[in-house]
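Here is the structure we will look at, set down as structure tokens.
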Amino acid sequence: MLHCDMIIGGEKISATDSFDVVNPASGEAFASCQLGTANDVDAAVVAARAAFPEWSSMADEKRVEMISALIPALEARMPEFMQLVTQESGKPMGGLNGVGSGMEVGGAMAWIGATAALKPTVEVAHEDDNVKIEVRRRPLGVVGSITPWNWPLMITIWHVIPALRAGNTVVLKPSEYTPVAVTRFAELVNEILPPGVLNLVLGAGEVGSAIASHTGIDKVVFTGSSRTGRRVMESASANLKRLTLELGGNDAGIVLPDIDIEAMAPKLFAACFHNNGQTCAALKRLYVHESIYDEVAEAIAEQAREVVVGDGLDEDTQLGPIQNLAQLEIVKSLAQDAKDQGGNFLTGGNQIDRPGYFFEPTVVTGLSNGSRLVDEEPFGPIVPIIKYSDIDEVLERANDSESGLGGSIWSSDPEKAAELVARMECGTVWVNDHAGLNPNAPFGGIKQSGFGVEFGDWGLEEFSALQTVWLSKA
Ligand code: ADP
């Protein structure tokens, strides 16, 4: 069994209790982690506050140098990190369309580099003979980061690196399902950055809630379900914390009648099924024009029948298991409901009879809005393909959702697609693609997919407060 300690003020911390981390490909525990409490969160906040004055006032180049040093440190241990991510999340090392733990660790390095290269700016809002008014950025203080299980290392980087880059110190709590690679990453950070700059507390919702409500924490960045996001927002009201909430999505894709089916089918399939559907901004509802509906649905189902499902550590595996039992149960219940509603299963529909939490890649036609499988986010390898005839009416159905994370338009006509993009109610719209992210482009949701953005200057801004400085010339 691997072992994970907490890290507070640069020291490894044990606890009286522990919890196991299960490999979803086997259903067996492979790591044991120290279970933190609210007292550990208190200690982590004390350490983070103590580290803040030095870290926030350090010369910017020095801070950038230390953050950048994390890239070669991760690179030197890339195989180990990939294996840990695969063991705890289930995602393949390589994976469908290259979406796997190699992409996760490689992406982590790329995002550290891009974030380190950002420069907090000083702008001049006004200047005349009497006064110059500057707008500067100040770090907020201590940032709490609460992360989910689907992209454990990558999302930690998305939270922690801009927080540090902007001069804050951090208390981090990874998902209780996937804390292992993040613990190893926190160890690396503590070898390079001063003690107390990044503190790690391990545990589940109670530890998350202690972070969200802690009056010594100035901001929380949270990625997870909309349901838990609401609770984080309630807890954060204790000291009017700033928040970035990156919550669930139920992204719609709209396929126009003019697409090149052969060229687009593999992209559509990967957009839906990469990471086994367990990505916030995966394509989760696919609306296809009636003139090509059967052909597109069959082309996607064909790939679902052929895709290689298995243990992510096996080289050939393209899709792994669902990450945890509770999520598998959600997927099974949505599949059952789709059966009860008369959905037509072109392929899949059942749990796979083997140890671990495997579910068949599943394609369902014949349903529409009003069915649970269409209205709720499955976060698993099951996708409804929905028929439409009229573009105005399908846009209404696509937008008829509490979520507003991403969406996509699929068409051979760029002008037509560009016109429809503006009518999609979501934070990111892709044309002939879905779910790609770039470290220099903002990513975030509207509606109940949350608020605030990550990445680029826009994301960095969320970890600082504007300070207006009047410099009188008199
Ligand atoms: P899921 O239900 O898919 O596991 P969650 O949104 O519940 O996703 O979890 C995301 C993160 O939020 C995890 O790190 C989890 O431990 C944490 N968490 C769970 N409950 C709370 C809470 N009440 N307050 C703060 N964080 C929480």
Problem set entry | Selection status of LYS284, modelled with pLDDT of 95 or more, under 21 Å from SER401 (Cβ atoms) and in the same structural domain as THR347 (by TED's automatic domain parsing) | yes
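With respect to GLU88, determine if the residue is in contact with a helix residue (DSSP H, G or I) (Cβ under 7 Å, 6 or more places away or on another chain), surrounded by 20 or more Cβ atoms within 10 Å (Cβ to Cβ), among the acidic types (Asp, Glu) and modelled with pLDDT of 95 or more.
Values: in contact with a helix residue (DSSP H, G or I) (Cβ under 7 Å, 6 or more places away or on another chain): yes; surrounded by 20 or more Cβ atoms within 10 Å (Cβ to Cβ): yes; among the acidic types (Asp, Glu): yes; modelled with pLDDT of 95 or more: yes.
Taking the combined requirement at face value, the residue satisfies it.
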Kindly evaluate LEU325 against the criterion of being in the same structural domain as ILE386 (by TED's automatic domain parsing), open to solvent by 20 Å² or more (accessible area, probe 1.4 Å), within 16 Å of the ligand (Cβ to nearest atom) and modelled with pLDDT of 95 or more. yes
Restricted to the stretch 307-322 and to residues being open to solvent by 10 Å² or more (accessible area, probe 1.4 Å) and closer than 15 Å to GLY277 by Cβ, the residue nearest to the ligand (Cβ to nearest atom) is VAL309
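Suppose we filter the stretch 202-217 for residues that are touching a residue at least 40 places away in the same chain (Cβ under 8 Å) and surrounded by fewer than 23 Cβ atoms within 10 Å (Cβ to Cβ); how many remain?
Kept after step one, since they are touching a residue at least 40 places away in the same chain (Cβ under 8 Å), are these residues of the stretch 202-217: 202-204, 206-208, 210-212, 214, 216-217.
Narrowing the set further to residues that are surrounded by fewer than 23 Cβ atoms within 10 Å (Cβ to Cβ) leaves 204, 206, 216.
The total comes to 3.
The rows are residues; the columns are (1) under 18 Å from ALA301 (Cα atoms); (2) of a type in the set (Lys, Arg); (3) open to solvent by less than 30 Å² (accessible area, probe 1.4 Å).
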position	(1), (2), (3)
PHE345	yes, no, no
GLY348	yes, no, yes
GLN351	yes, no, no
ARG354	no, yes, no
THR362	yes, no, yes
GLY366	yes, no, no
ASN369	no, no, no
GLU376	no, no, no
ILE382	yes, no, yes
Here the qualifying pairs (Cβ atoms under 8 Å; residues six or more apart or on different chains; first in the stretch 48-72 and on the phi < 0 side of the Ramachandran plot and modelled with pLDDT of 95 or more; second open to solvent by 40 Å² or more (accessible area, probe 1.4 Å) and among the aromatic types (Phe, Trp, Tyr)) come out as none
**Message:** When you scan the stretch 238-249, do you find a residue that is loosely packed, with under 15 Cβ neighbours inside 10 Å and within 16 Å of the ligand (Cβ to nearest atom), even just one?
**Reply:** yes
*asked:* For the stretch 218-231, check the following and say yes or no: at least one residue is in a loop (DSSP other than H, G, I, E, B), within 12 Å of the ligand (Cβ to nearest atom) and open to solvent by less than 10 Å² (accessible area, probe 1.4 Å).
replied: no
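Being more than 8 Å from the ligand (Cβ to nearest atom), among the hydrophobic types (A, V, I, L, M, F, W, C) and closer than 27 Å to ASN399 by Cβ: is that true of ALA265 here?
Details: more than 8 Å from the ligand (Cβ to nearest atom): yes; among the hydrophobic types (A, V, I, L, M, F, W, C): yes; closer than 27 Å to ASN399 by Cβ: yes.
Criteria met by ALA265.
Residue by residue, here is whether (1) over 25 Å from ASN150 (Cα atoms); (2) touching a helix residue (DSSP H, G or I) at 6+ places or on another chain (Cβ under 9 Å); (3) of a type in the set (A, V, I, L, M) holds:
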{"position": "VAL21", "(1), (2), (3)": "no, yes, yes"}
{"position": "THR37", "(1), (2), (3)": "no, yes, no"}
{"position": "ASP42", "(1), (2), (3)": "yes, yes, no"}
{"position": "ARG49", "(1), (2), (3)": "yes, no, no"}
{"position": "LEU70", "(1), (2), (3)": "no, yes, yes"}
{"position": "LEU74", "(1), (2), (3)": "no, yes, yes"}
{"position": "MET82", "(1), (2), (3)": "no, yes, yes"}
Original post:
Could we say that LEU437 is at pLDDT 95 or above, surrounded by fewer than 21 Cβ atoms within 10 Å (Cβ to Cβ) and within 23 Å of GLY98 (Cβ to Cβ) here?
Top reply: yes
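The values are calculated or read from the model by the stated rules, or taken from the named source; none is laboratory data. Just so it is clear, the model here is predicted, and its values are computed rather than measured. Cβ: placed from backbone, ideal geometry, glycine included. Neighbour counts: every protein chain shown. Accessible surface areas use protein heavy atoms only, side chains included; no ligands, DNA or RNA. Shrake-Rupley method; radii C 1.70, N 1.55, O 1.52, S 1.80 Å.
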